[in-house]
There are 2 protein chains.
Amino acid sequence: MIRIQLLQSQIVEPAGLKGQYYEQRPQNKLEWFKNNGWGYRDTKFILEQDGGVRLTGNKYRFSNQKMMKFKEWAEQKVGIDLSLNCEAQNEIPGDPPIINEQFMNAIKGQFNEISFDNGQRILHSHGHTMQEIYELRHGKLARIVDCVVFINSHAQAELLVKLAMEYNVMLTVYGGGTNVTWALQCPKEERRMIVSVDTSRMNHIRWVDRKNMTALVETGVTGKDLEKELSRYGVVCGHEPDSVEFSTLGGWISTRASGMKKNRYGNIEDIILSVKVVTPTGTLSQSLDYPRVSSGPDLNQIVLGSEGTIGIITEAVIKIKAQPEVCKYESILFHNFALGTEFMYKLSRSRVWPASVRLVDNNQFQFGMALKTMPHSKREEFMDKVKKYFITQYMQYDPDQMCLVTVVFEGTKQEVEFQEKKVFELAKFYKGFRAGAENGERGYFLTYMIAYLRDFAMQFQFIAESFETAVGWKNVPAVCENIQRRIVEECSKRGVEKEPFVSFRISQVYDTGATIYVYFGFGYKGIEDPVKCYSEIEDAAREEIMKNGGSISHHHGVGKLRKQFMQRQIGDTGVEILRRIKQQIDPKNIFGNQNLI
Amino acid sequence: MIRIQLLQSQIVEPAGLKGQYYEQRPQNKLEWFKNNGWGYRDTKFILEQDGGVRLTGNKYRFSNQKMMKFKEWAEQKVGIDLSLNCEAQNEIPGDPPIINEQFMNAIKGQFNEISFDNGQRILHSHGHTMQEIYELRHGKLARIVDCVVFINSHAQAELLVKLAMEYNVMLTVYGGGTNVTWALQCPKEERRMIVSVDTSRMNHIRWVDRKNMTALVETGVTGKDLEKELSRYGVVCGHEPDSVEFSTLGGWISTRASGMKKNRYGNIEDIILSVKVVTPTGTLSQSLDYPRVSSGPDLNQIVLGSEGTIGIITEAVIKIKAQPEVCKYESILFHNFALGTEFMYKLSRSRVWPASVRLVDNNQFQFGMALKTMPHSKREEFMDKVKKYFITQYMQYDPDQMCLVTVVFEGTKQEVEFQEKKVFELAKFYKGFRAGAENGERGYFLTYMIAYLRDFAMQFQFIAESFETAVGWKNVPAVCENIQRRIVEECSKRGVEKEPFVSFRISQVYDTGATIYVYFGFGYKGIEDPVKCYSEIEDAAREEIMKNGGSISHHHGVGKLRKQFMQRQIGDTGVEILRRIKQQIDPKNIFGNQNLI
């Protein structure tokens, strides 16, 4: 008989959260999140009299510090005319709710929080595409949810779905509302009552198992809160999308999200072991807390990427890891994007991947430089000048060509040493120059600032968006070149005054390819319908992407924004199969957000 | 404008294969593969007059070498009574075929090879569960396919499915026929004509892209042929299940297969980028040669694990890797299974994983020793004795407790050095003793020999099988202990004379758990219905597994063997969703093998 004594199981049942938030955020999201833009209410970029730009509030490391180079960069490199003005409207209009009386009677007393407040209804009816933000600032959302119900448990989710089925009410699920695919946009023609199911109270971490390194987590938890709670047990989930402060586990699952440090922690499909979802056909609850299973088609994978079309995802078993011993930023300068790309490709082939490694093009590099806060001392100012001289004059980097690779190393001391050695060896081969931790950190900070900057730019009649794709290595050049070319053509065709701002980042490496992330924006002065103009250009860019071997999306998903490309991506039979699966799971189309197909 | 010059694309279109096989195997599988057992016809274990055991033929490294310790081990440790005899029948009976005349007229002239040969029909109607082999040796398969059609292209697959739909013929797909779940077993009550679709002629590698590191491969290719062909281009797929000599890419996809070196190359879901499958609803063909995509639910994952229930998988884009610079075996002795398990657990936590690392229990360790061929010289014989003395007397390893971890290191020189250092450091902490490459290699050789040994044992009224599970780390002890206990109980209850042979191996590590692989066998002398007896015991063992947190299967799959456990594994809603998906994709149940649910 085998007798084995492994270490005692270490299951922890955290007491924290259970509907509360860290940072003592008020329960009412509109008290701390903007109603017509990204992020914290107290945080925005403002242009000051002396031409400096400052990030207000106190939420970020660089908050309240003056950035003197920003104005020049915005005007000269991006083409933002800071003399223009375009304020947002004070009130956002919304139509009166459609009420299903029978349904309202049935839910009476069953849920702690139900809201018909206009502000809440609007908040729960949009994501963060440029089009939606523009509508919030200057127009009106064509259709908004009629009511918001806040759930705090799986049982409440089941009840709500049951009643929605019974009284034919449409449900739409709200996590962090950070999607950029019109996923939350309500179908204009929907005449049933639309109820938004807010999951943010359902954010408890039910258990943490430090033997198996798994945790059971409710899907309403935001990334930031999740990591704060897990850190109390010395563990980490490690999923860090740019929206991590606000997006939720449920949202990540619904969209097949990807995080900055996927090299170490995996993408969402690697992190999830099993999901629980309330569908109109019943609750899908598999006993699947196994590392890996062969039990037929993987139903988790129907839920992953379902984008709110089949049910309310209530909880998931996720993998966790020990907090890394070492965590450090680094950066490497390359003479140009071509060399940087070669480096990224060879790094992918070496399979020695830091937790995060990204290549930003010259535009984005200069963007990072523009976000530099003022030096705190004459010495710092002097050192900046010396470094600049050294790089441009001595090392002969062309300031209008040079690019930056930003790196995050995480792991044990030995692991990190091993990775550093390989990375810098390879960088040297491509004439890379180590540019230090601060540049690396600033590169990552930039990505958290982008959405705030987009809001800032909108004040000056400048609209911008990001989009992304995954593509095999050999198509990386063609995709970048053709996106650039096509955007410039389309802007010119439509009478956009100045040359558009287009910037590329290789934001993830894989064995067989890379993720390309694009920022694109233009000043719309003189353009009659800026949103329409923008949308057409973005669609044209996606055309180029797909023509040149890029995917419909790497991680943003499809929503309604990219539905028209689905047939090309998955074929007629694929679309038909998805349609039938949806129809089988949700025959009355209760989850009628019309995402995907 | 960005100008990037990456290395020229390196796409190769191999001329090889296209229906031919390496080793000049005859087209007729029955000329080189056994008709009632595992593997090559010329390869079997035989007991010789002098008590030695020899593997006939010339296919393996240890072929034709005498093993003197085998007899003693088999009799004393396993309980095989080598005085008994139980020859297989000479002819395997088969019922006349059911012919659908209209269908036969429709396919006339459309396919190069169609067979009504009894031997071919039987071959295409079974896998390699003990029950099926027993039936082949002593009984009759209740229902066999009526006809075998050999396809050699995607177009032929489409034609066959179209005609099957038109004339209501059941199709069953045959790759290597190595499943161990009754997947190929024809439903007894099936009255439609059953056609086996043999994919082995559809084995071409269509292109190899050494820039993206992908390849397009037809699904009829066996693992061995695939690697041989890829090696000509300096690349490797790296998927190495124990059945790699005979199983096919299509089979791996259908069953969610796992390979020995998944730590380096991934399991099948990590290797596949996209699949093409002919279903009754149409051909699912997604443009998905991207490293990673968010385009809704991942339809690849409906095909992976579909176990032949939805269509004919014809081709797939797979990832390939450069051939490793270094490839070496190693092994480490541990005093007992508990210490070995602790080591495996800690290794999983360190995340420094060799390409393969396995822990075998004492039973399997002694099994490996029994397969040692005779020393080739007196010096070798002497060294064996010295080593044995050293291990047992000096290092004080108990020969009836000690276990072995077998390792394969693959990678660059630096990678392997790094892994070796970590692995041996950790081993030392658990009092492990480096036992050299030969023991490691023999451990892996054993797994290729198992099925041949099972056939050997059947001659002596001894039946055996393997089964496996995946389980979270903390449940590993409980699963092993309870499997052992329950098997012994159930054998005793049923009058099995001697104590059954039960042996465990931790064959894969994951972040959150492990794969446990079990060999189980007993002598059935005096048992009236040995197959029924065996099945009941195996079901009881699976009960214990699931009760103690183990999965329905790690990689063998479900087939018909484990259908009764599906509801427990994926829940009622899960079963219902699978049922509806099947019904939607294949409404006439053309792919009527009745696997999964």
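Miscellaneous remarks
- Scanning region A:305-319 for residues that are under 23 Å from residue A:156 (Cβ atoms) and within 8 Å of another protein chain (Cβ to nearest Cβ) yields a count of 2.
- Taking region B:556-584 as the range and being within 12 Å of chain A (Cβ to nearest Cβ), closer than 24 Å to residue B:132 by Cα and not in a loop (DSSP other than H, G, I, E, B) as the test, the residues that pass are B:563, B:565, B:566.
- Among the residues of region A:137-161, those identified as closer than 15 Å to residue A:35 by Cα and surrounded by fewer than 22 Cβ atoms within 10 Å (Cβ to Cβ) are A:137, A:138, A:139, A:140, A:141.
- Selection status of residue B:256, farther than 17 Å from residue A:292 by Cβ, among the basic types (Lys, Arg) and facing chain A (nearest Cβ under 10 Å): no
- Within region B:190-205, tally of residues that are surrounded by 24 or more Cβ atoms within 10 Å (Cβ to Cβ) and more than 20 Å from residue B:153 (Cα to Cα): 1
- For region B:460-478, filtered to residues that are within 8 Å of another protein chain (Cβ to nearest Cβ) and touching a Leu at 6+ places or on another chain (Cβ under 8 Å), the residue that is surrounded by the fewest Cβ atoms within 10 Å (Cβ to Cβ) is B:477.
- Residues in region B:481-502 that are closer than 22 Å to residue A:290 by Cβ, out of contact with any Lys or Arg (no Cβ under 9 Å at 6 or more places or on another chain) and surrounded by fewer than 23 Cβ atoms within 10 Å (Cβ to Cβ): B:484, B:485, B:486, B:502.
- Applying a threshold of 7 Å to beta carbon distances and a minimum spacing of six or more residues, or different chains, the list of pairs starting in region B:199-226 at a residue that is within 22 Å of residue A:549 (Cα to Cα) and within 14 Å of chain A (Cβ to nearest Cβ) and ending at one that is among the aromatic types (Phe, Trp, Tyr) and in a loop (DSSP other than H, G, I, E, B) reads B:208/B:233; B:210/B:233.
- Only one of A:307, A:381, A:342, A:330 that is part of a strand (DSSP E or B) and either touching a Leu at 6+ places or on another chain (Cβ under 6 Å) or of a type outside the set (A, V, I, L, M) (or both): A:330
- The residues listed here are B:250, B:238; of these, the one that is of a type in the set (Gly, Ala, Ser) and either within 14 Å of chain A (Cβ to nearest Cβ) or over 23 Å from residue B:303 (Cβ atoms) (or both) is B:238.
- Counted residues, region B:206-260 - those being surrounded by fewer than 24 Cβ atoms within 10 Å (Cβ to Cβ), hydroxyl-bearing (Ser, Thr, Tyr) and assigned to a helix (DSSP H, G or I): 1
- Subset of region A:24-45 that is touching a residue at least 40 places away in the same chain (Cβ under 8 Å) and among the hydrophobic types (A, V, I, L, M, F, W, C) - its residue that is surrounded by the fewest Cβ atoms within 10 Å (Cβ to Cβ): A:30
- When residues of region B:322-336 are limited to those that are out of contact with any helix residue (DSSP H, G or I) (no Cβ under 7 Å at 6 or more places or on another chain) and within 12 Å of chain A (Cβ to nearest Cβ), the one surrounded by the fewest Cβ atoms within 10 Å (Cβ to Cβ): B:322
This table checks each residue for (1) small (Gly, Ala, Ser); (2) crowded, with 23+ Cβ neighbours inside 10 Å; (3) away from chain A (no Cβ under 12 Å); (4) assigned to a loop (DSSP other than H, G, I, E, B).
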site	(1), (2), (3), (4)
B:515	no, yes, no, no
B:528	no, no, yes, yes
B:531	no, no, yes, no
B:543	no, no, yes, no
B:546	no, no, no, no
B:554	no, yes, no, yes
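- As a summary of the residue check, residue B:283 satisfies the conditions (1) facing chain A (nearest Cβ under 9 Å); (2) in a loop (DSSP other than H, G, I, E, B); (3) closer than 30 Å to residue B:211 by Cβ except for the one numbered (2).
- Qualifying residue in region A:484-493 (condition: away from chain B (no Cβ under 11 Å), in a loop (DSSP other than H, G, I, E, B) and more than 18 Å from residue A:181 (Cα to Cα)): no
- In region A:425-478, the qualifying residues are those that are among the charged types (D, E, K, R) and more than 22 Å from the chain's Cα centre (by Cα), and the one that is modelled with the lowest pLDDT is A:438.
- Within region A:585-597, the set of residues being at the interface with chain B (Cβ under 7 Å from one of its Cβ atoms) and either surrounded by fewer than 19 Cβ atoms within 10 Å (Cβ to Cβ) or assigned to a loop (DSSP other than H, G, I, E, B) (or both) comprises just one member, A:596.
- Residue count for region A:425-459 satisfying the condition of being away from chain B (no Cβ under 14 Å), buried (at least 19 other Cβ atoms within 10 Å of the Cβ) and not in a helix (DSSP H, G or I): 3.
- The lone exception for residue A:504 - which of (1) within 9 Å of another protein chain (Cβ to nearest Cβ); (2) assigned to a strand (DSSP E or B); (3) touching a Leu at 6+ places or on another chain (Cβ under 8 Å) it fails: (3)
- Hits in region B:400-419 - residues which are within 13 Å of chain A (Cβ to nearest Cβ), farther than 20 Å from residue B:335 by Cα and not hydroxyl-bearing (Ser, Thr, Tyr): B:410, B:411, B:413, B:414, B:415, B:416, B:417, B:418, B:419
- Any hit, region B:276-287, residues being farther than 15 Å from residue B:315 by Cα, of a type outside the set (Phe, Trp, Tyr) and crowded, with 24+ Cβ neighbours inside 10 Å: no
- For region B:179-187, the condition holds for no residue, the condition being that it is closer than 21 Å to residue B:273 by Cα, among the hydrophobic types (A, V, I, L, M, F, W, C), crowded, with 22+ Cβ neighbours inside 10 Å and within 14 Å of chain A (Cβ to nearest Cβ).
- Residues of region A:188-205 that turn out to be part of a strand (DSSP E or B), under 22 Å from residue A:274 (Cα atoms) and of a type in the set (A, V, I, L, M, F, W, C), as a count: 2
- Filter result (more than 8 Å from chain B (Cβ to nearest Cβ) and surrounded by fewer than 19 Cβ atoms within 10 Å (Cβ to Cβ)) within region A:340-349: A:346
- Taking region B:81-162 as the region of interest, the helices (runs of 4 or more DSSP H) fully inside it that hold 3 or more residues being under 17 Å from residue B:184 (Cβ atoms) and modelled with pLDDT of 95 or more are B:118-123, B:130-138.
The values are calculated or read from the model by the stated rules, or taken from the named source; none is laboratory data. Nothing here was measured: the structure is a model prediction, and the numbers come from that model. Positions of Cβ are generated from backbone atoms using ideal geometry, with glycine treated the same way; all protein chains shown enter the neighbour counts.
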